[in-house]
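Chemist: Structure incoming, see below.
The values are calculated or read from the model by the stated rules, or taken from the named source; none is laboratory data. Every value quoted in this text rests on a predicted model; they were computed, and no experiment measured them. Note: accessible area is taken over every heavy atom of the protein model, side chains too, but ligands, DNA and RNA are not part of it. Shrake-Rupley method; radii C 1.70, N 1.55, O 1.52, S 1.80 Å.
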Amino acid sequence: MSEGPSKLLKKAASMLVAEVEEREREKQRVVSESFPSIQPNLTVQELQELCKELHRKIGVVDEARYDMEVKVARNQMEIQSLSQKVTELKGVKRPDLKRVKKTTDDMLGSYTESSKLMKADFKANLKTVKKDDEKREEVTDWRKNVEAMSGMEGRKKLFDAGQ
């Protein structure tokens, strides 16, 4: 039994290596088709022609890439708007209400009896609080007090009163 999984692992590893090699060969084939090989003994004129051809191919590829990006962006916006429309059409799902089985007598009886008991219990459990008479300052006519508080003497009285 232990030999079975090891055979599978060996087979998977060999398949993985073959797949990687196949990808590398495909990559080399595409590169050789897309870009001509550079020969070492080219004249300046031939090099310029080669550069112009490569520049033209780059322009074609950039145009195709831009077109694809625009199509992808347009499709993404369309997908977003359609998904928004779907959510709007579905609406907000309301939860199902559960049916409560109570007779009218049960409802009225429980309401009247329990509410009276609850009110009585509530009032019985309240603590009595004595209200302390708050010390209120006498409101006097401010005009009489202005003369007494004017000057340095008045400020000294306020300072002494604050301590």
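Chemist: Considering only C-alpha atoms, what is the centroid distance from segment 11-48 to segment 55-103, in Å?
Modeler: Comparing the Cα centres of segment 11-48 and segment 55-103, I get a distance of 39 Å.
Chemist: Let me see the P(r) profile for segment 1-64: every Cα-Cα distance counted, bins of 5 Å, each bin given as a percent of all pairs.
Modeler: 3, 14, 12, 13, 12, 9, 8, 6, 6, 6, 5, 3, 2, 0
Chemist: For Leu9, Leu50, give me the order by solvent-accessible area with a 1.4 Å probe, most accessible first, ignoring ligands, DNA and RNA. Could the numbers behind the result be given before it?
Modeler: Numbers: Leu9 125, Leu50 30 Å².
Greatest to least solvent exposure: Leu9, Leu50.
Chemist: Beyond 29 Å between alpha-carbons counts as too far, so tell me which of Lys27/Lys52; Lys71/Lys93; Lys101/Lys127 fall in that bin.
Modeler: On the way: Lys27/Lys52 24 Å; Lys71/Lys93 35 Å; Lys101/Lys127 39 Å.
Pairs exceeding 29 Å: Lys71/Lys93; Lys101/Lys127.
Chemist: Right, another one. Can you pull the accessible area of Ile58 for me, 1.4 Å probe, Å² to the nearest 10?
Modeler: 100 Å²
Chemist: When the accessible area of segment 1-50 is split by element with a 1.4 Å probe, what percent falls to carbon and sulfur?
Modeler: Values: 2960 of 4750 Å².
Carbon-and-sulfur percentage of accessible area, whole number: 62.
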